[in-house]
Amino acid sequence: MGLYAAAAGFLLMALSGCGTLSRMELDADETPARRLALSGDLKAEVDSLAQPLIDRKETTGMVVGVLRADGSEHFYGYGVTARDGGRPDGNTLFAVGSLSKGFLGATASILVREGKLDWNDTLETLLPPGTALSTDARKITLLELVTHTSGLPRQPFTIETLRYFIEYLFTGKSFYRHFDRDYLINYLATFEKEKGAGTRPQYSNIGYALLGYAMELRTSEKVDALVHKKLLEPLKLDHTGYVPEQLPGYATRALGHAGDQPKMIRRGQPVPDWKFTDVMSGSAALYSNASDLLGYAGAHLHESGDGVRDTALRDTLKVHFDRPSEAAAMAWIVDDINGHKITYQIGLVAGYTAYIGIDVACKTSVVVLQNNFNWTNHVGHRLLMRMAPGCKPAPQPLLSAAR
């Protein structure tokens, strides 16, 4: 019984809280930033951040991708893709978990700009007529889903979820596998917002599952087809998709390993990939590589000639909920670090951790992919902040207002 109680407490903390749950580490002072500004040796800075994680066996393998203000891309690989694998590089496939939400939110933003959706659409109008919805559920808007301000929890906390989570601690198997469409729709029939919900962002995996479902209903197209048509194909992101077996480089992909989680599996041991139900795939099922993710980041910062898509991507960066140190945009979080803003997303899934950060003012980006599940992100924020003193800020305001 004690094990169940402990697991329940951890589950409430880890799966029902707000935010991305990843811990961002920052430099204690400006010495590293001054060093990079003087030397210009980007590789040395990345080495100093990434290699110690490999040496301490915190991470099995890691790729760091950097988009500089001049548009140049740089990739650095460390460790190995698997026990018998080679060193990962910018083309190595990783599961990216909740970075999938960024692609889904961006696709929703494009559909809004095209007039196929409206941010004020509610679940009452988006879901099929006759769907049983509680009073709170029927009022949830598309904008609330995409900004994590709907009041929906990370996922329903039930005995079944607890049972799967305890199993995960020992086996690494997914604890999301029971969240299918019927389960979520039934949950909405009795959903009640917690007191104070909606006054702050509350990270919700099921919120993004419902976002994808609403997009499918409105367009009569599946989420994977929508994301491919609206983003992946136009941006030529050929190594990003929901079915890894169909992507180039699958045979040499990075395999997932235990890290900070699952607790009962030794760090560095292989863990199984996760399979998601149809309704949850848009929330967490994407695979990608550092090269594609830098291209995706760059599309938020530079004009492509497609006015609708360019504006829609910038709309996703617009802050909709602000507080002193952190703000919520569309799938993105915006950290204010001593007056400098870093816009980022984190993905934690199976045996992987993914980070993508954008410095909008400097037009730089950092991607960090690792094949261990680790709570703490040592590299992304630090590297962006070290690069900041040497950049020439872009003219402001850069962002377009969301419709």
Could you list, in sequence order, all residues of region 61-78 that are touching a residue at least 12 places away in the same chain (Cβ under 8 Å) and either surrounded by fewer than 17 Cβ atoms within 10 Å (Cβ to Cβ) or out of contact with any Pro (no Cβ under 9 Å at 6 or more places or on another chain) (or both)? V64, G65, V66, L67, R68, A69, G71, E73, H74, F75, Y76
Counting only residues that are assigned to a helix (DSSP H, G or I) and among the small types (G, A, S), which one in region 37-62 is modelled with the lowest pLDDT? A37
Go through region 163-194 and report how many residues are among the hydroxyl-bearing types (S, T, Y), surrounded by 15 or more Cβ atoms within 10 Å (Cβ to Cβ) and without any contact (Cβ under 8 Å) to a residue 60 or more places away in the chain. 3
Quick test for you: out of T60, T122, pick the one residue that is under 30 Å from V308 (Cβ atoms), in contact with a strand residue (DSSP E or B) (Cβ under 6 Å, 6 or more places away or on another chain) and of a type in the set (V, I, T). T122
Any idea which of (1) farther than 18 Å from V243 by Cα; (2) buried (at least 21 other Cβ atoms within 10 Å of the Cβ); (3) modelled with pLDDT of 90 or more is the one A328 doesn't satisfy? (3)
So, in region 142-172, how many residues would count as being in contact with an Asp or Glu (Cβ under 7 Å, 6 or more places away or on another chain) and at pLDDT 95 or above? 1
Of the residues D238, D292, D224, D273, which single one is crowded, with 21+ Cβ neighbours inside 10 Å and among the acidic types (D, E)? D292
Note: among G298, G259, just one is within 27 Å of I337 (Cβ to Cβ), modelled with pLDDT of 95 or more and assigned to a loop (DSSP other than H, G, I, E, B), namely G259
Scan region 25-53 and report the pairs whose first residue is closer than 18 Å to R68 by Cα and whose second residue is outside any helix (DSSP H, G or I) and of a type in the set (D, E), with Cβ atoms within less than 8 Å and a gap of 6+ or a chain change. A33/D27
Residue match in region 93-101 (condition: over 21 Å from the mean Cα position of the chain (by Cα) and outside any helix (DSSP H, G or I)): no
Some residue of region 211-218 being among the hydroxyl-bearing types (S, T, Y) and surrounded by fewer than 18 Cβ atoms within 10 Å (Cβ to Cβ): no
So the check is Cβ under 8 Å with 6+ separation or different chains; which pairs have a first residue in region 124-144 that's basic (K, R) and a second one that's not in a loop (DSSP other than H, G, I, E, B)? R138/T122; R138/L123; R138/E124; K139/T122; K139/L123; K139/E124
Only one of L104, L117 is touching a Gly at 6+ places or on another chain (Cβ under 8 Å) and either closer than 28 Å to A290 by Cβ or not in a helix (DSSP H, G or I) (or both); which? L104
Can you find, within region 124-149, the residue that is surrounded by the most Cβ atoms within 10 Å (Cβ to Cβ) among those that are out of contact with any helix residue (DSSP H, G or I) (no Cβ under 6 Å at 6 or more places or on another chain) and under 19 Å from S220 (Cβ atoms)? L142
Does G85 fit the bill of being on the phi < 0 side of the Ramachandran plot and modelled with pLDDT under 95? yes
Check off (1) over 30 Å from L237 (Cβ atoms); (2) assigned to a helix (DSSP H, G or I); (3) touching a residue at least 40 places away in the same chain (Cβ under 8 Å) for E160 and give me the number that stays unchecked. (3)
Evaluate the following for I337: is it under 29 Å from G259 (Cβ atoms), surrounded by fewer than 21 Cβ atoms within 10 Å (Cβ to Cβ), out of contact with any Pro (no Cβ under 6 Å at 6 or more places or on another chain) and not charged (D, E, K, R)? yes
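The values are calculated or read from the model by the stated rules, or taken from the named source; none is laboratory data. From a predicted model like this one, the values you see are computed outputs, not experimental measurements. All Cβ positions, even for glycine, are placed from backbone atoms using ideal geometry, and neighbour counts span all protein chains on display.
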